[in-house]
Amino acid sequence: MSGTESAGVRDRARWGLAAAGVLGLAVAAMLGAYAMVHPGNGAPVPHFGFASLVAMKTWLSTAAAAFVVVQVISALAMWGRLPGVSGAPAWAGPVHRWSGVIAFVLTLPVAFACVWALGFSDSSARTVAHSIAGCLFYGVFAAKMLALRLPGLSGWTLPVLGSLLTTVLAVVWFTSAFWAIALSGLSLR
Ligand code: HEM
């Protein structure tokens, strides 16, 4: 590829990344706006066999957080940064992709229950942080999925977006599931 062609690919990648960022912010803002205007009111939501809605939300989001740990380990392996693992092992890519899919799917019924039955809460700093991080999670996820498909991005882009997504989910989990477990203990059913 000539110098002019590769500069063109880099330029397109930068514009693509900016568009992915704008779209991600739009996803987060629309979710937040919907959560604010929707009355919530504790509308009934399926428990999927769990004894209570809180138990369903707590355990599904804890399972999602566990899969995100797998995401971090497999990402380190893909980038040759996992101690004791040399190069980029063949398992790292598929493990990273599927643990991400499972973590994302596990968050969906939980976030639906949050937005549909509770809405955006400003009753404490914790619930504000949780509501904002919950919306940002889907925005950053959308931006990362789009960025994955952009050829010519700088090498730092995906690790930064992946770290941001992990951090946002950690905030979501600590401000909700961790709280519920701390209040009720691991006996939460
Ligand atoms: C990744 C997405 C999300 C996950 C995994 C998640 C997880 C949870 C969990 C486990 C709880 C504790 C159970 C409960 O009190 O019902 C909770 C509570 C809550 N969630 Fe979410 N949530 C997410 C997104 C959202 C969003 C987008 C909003 C609103 C904009 C939201 C608003 C709330 C509120 C208001 C509570 C009650 C907090 C309290 O009073 O303690 N959540 N969430």
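Only the coordinates and a few stated rules stand behind these numbers; no lab work does. Note that the structure is predicted; figures quoted are calculated from it, not measured. Neighbour counts are summed over all protein chains in view; Cβ atoms, including those assigned to glycine, are modelled from backbone coordinates with ideal geometry.
Annotations
- Filter result (under 23 Å from Ala66 (Cβ atoms) and either crowded, with 21+ Cβ neighbours inside 10 Å or of a type in the set (A, V, I, L, M) (or both)) within segment 143-159: Met145, Leu148, Leu158
- In segment 18-43, the residues that are outside any loop (DSSP other than H, G, I, E, B) and touching a Leu at 6+ places or on another chain (Cβ under 7 Å): Ala20, Leu23, Ala28
Residue by residue, here is whether (1) touching a residue at least 60 places away in the same chain (Cβ under 8 Å); (2) in contact with a helix residue (DSSP H, G or I) (Cβ under 9 Å, 6 or more places away or on another chain); (3) within 21 Å of Ile132 (Cβ to Cβ) holds:
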| position | (1), (2), (3) |
| --- | --- |
| Gly3 | no, no, no |
| Phe48 | yes, yes, no |
| Ala51 | yes, no, no |
| Ser61 | yes, yes, yes |
| Ala75 | yes, yes, no |
| Gly80 | no, no, no |
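- Counted residues, segment 130-186 - those being of a type in the set (Ser, Thr, Tyr), within 15 Å of the ligand (Cβ to nearest atom) and out of contact with any helix residue (DSSP H, G or I) (no Cβ under 7 Å at 6 or more places or on another chain): 2
- Hits in segment 107-149 - residues which are without any contact (Cβ under 8 Å) to a residue 12 or more places away in the chain and among the aliphatic types (A, V, I, L, M): Leu108, Ala125, Val128, Met145, Leu148
- Hits in segment 94-127 (condition: away from the ligand (no atom under 11 Å from the Cβ) and under 21 Å from Thr167 (Cα atoms)): Val95, His96, Arg97, Trp98, Ser99, Gly100, Val101, Ile102, Val105, Ala125
- Segment 23-74: number of residues that are more than 17 Å from the chain's Cα centre (by Cα) and farther than 12 Å from Val110 by Cα: 16
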